[in-house]
């Protein structure tokens, strides 16, 4: 039996302390493997990255989807060659967005739209989110401005209107040929070149003319689409009432068939002023018989070209005129015209118009009481066409006296040219 070592007395604290601290366990060879160390680092970084990406996704989504500061719909112009930062600053300045430009650039990159931002004039809706704002610019849905070109203008007048409209850019190199533009309401984005506007109007004219020419009346006394445009341009200038176009066209078509001069006042005016369109005064007596390629009181048949740019309705009327035997028409004093087949009936309508004009003049101008007698007016100039001259029939055939052009004031009770 072995002897135990003597027990030496120790304090309670010393009794609790181990006699020898055990050495730390040795790391396994696997834990010290560099691949394991790198792998752990990668996993740690991935976890941190995922957490960061999640936070960024949440923040980015909030930025993209949150309602914007815009209080009401607004149109904003994004200039040409504007960079992403320029666009961001423009949107902030206009109150469409309120984010830092770098946030806008990051949002554009996140939506993969860096190369798809297009300049132009855009309409942003009230409270549009950043995503909606970027989508609007990427889609390129720019604001379309409606531009109305009235019927019956000359090409020179149309070019002048386009030049005065500040939504267009550039200049028109050459005034288009008369009658090659289709008056209509078009829509263009701001910044459209004026030459492009002219080209679009010419293309529309060609398309519409081809369609109408195919549907024309077979007994029409015009041989080419260009002659149809010339006839339609006269119809366009003679009346502004839609329901009269086909009947006015019938008068000229009947005259062409019977080899009667057209005797249209707008052709005289065009021969005098050309593309300017308006004369600004009554036609003089001497101008009615003044030789001109466009004066249909002098020449036979149609003039050499259109006197305006007729609209679709006048082209339709010229291609398919009303089935009448009318050869004459004159203003009826109420904004329209009275049509007749014979010269005698036409003369009666002229007399009615003159009586109506006289009555209007008497009702409008009343002499003051005890007024002195008016002075005798000087005689009218010899070459100025009086208003109420009775027309005279020619020796060979009775001429028509169509009403004066609607665009030159023919819809007024008193035509400015004498009847012939």
- Return the pairs, sorted by first residue and then second, in which the second residue is assigned to a loop (DSSP other than H, G, I, E, B) and modelled with pLDDT of 90 or more, the first residue lies in the stretch 278-289 and is in the same structural domain as residue 307 (by TED's automatic domain parsing), the beta carbons are less than 7 Å apart, and the residues are 6+ apart or on different chains. 288/297; 289/297; 289/298
- Pick from the stretch 86-118, criterion out of contact with any helix residue (DSSP H, G or I) (no Cβ under 9 Å at 6 or more places or on another chain) and not in a helix (DSSP H, G or I), ranking: nearest to residue 76 (Cα to Cα): 94
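One line per residue, one yes/no per condition, for (1) more than 31 Å from the chain's Cα centre (by Cα); (2) within 29 Å of residue 204 (Cβ to Cβ):
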{"residue": "233", "(1), (2)": "no, yes"}
{"residue": "243", "(1), (2)": "no, yes"}
{"residue": "289", "(1), (2)": "yes, no"}
{"residue": "294", "(1), (2)": "yes, yes"}
{"residue": "309", "(1), (2)": "no, yes"}
{"residue": "329", "(1), (2)": "yes, no"}
- Matching option when the condition is surrounded by fewer than 17 Cβ atoms within 10 Å (Cβ to Cβ), part of a helix (DSSP H, G or I), touching a helix residue (DSSP H, G or I) at 6+ places or on another chain (Cβ under 8 Å) and not assigned by TED's automatic domain parsing to the domain that holds residue 343, among 156, 195: 156
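The values are calculated or read from the model by the stated rules, or taken from the named source; none is laboratory data. Since the model is a prediction, treat every value here as computed from it, not as a measurement. Neighbour counts run over all protein chains shown; Cβ positions are idealised from the backbone, glycine included.
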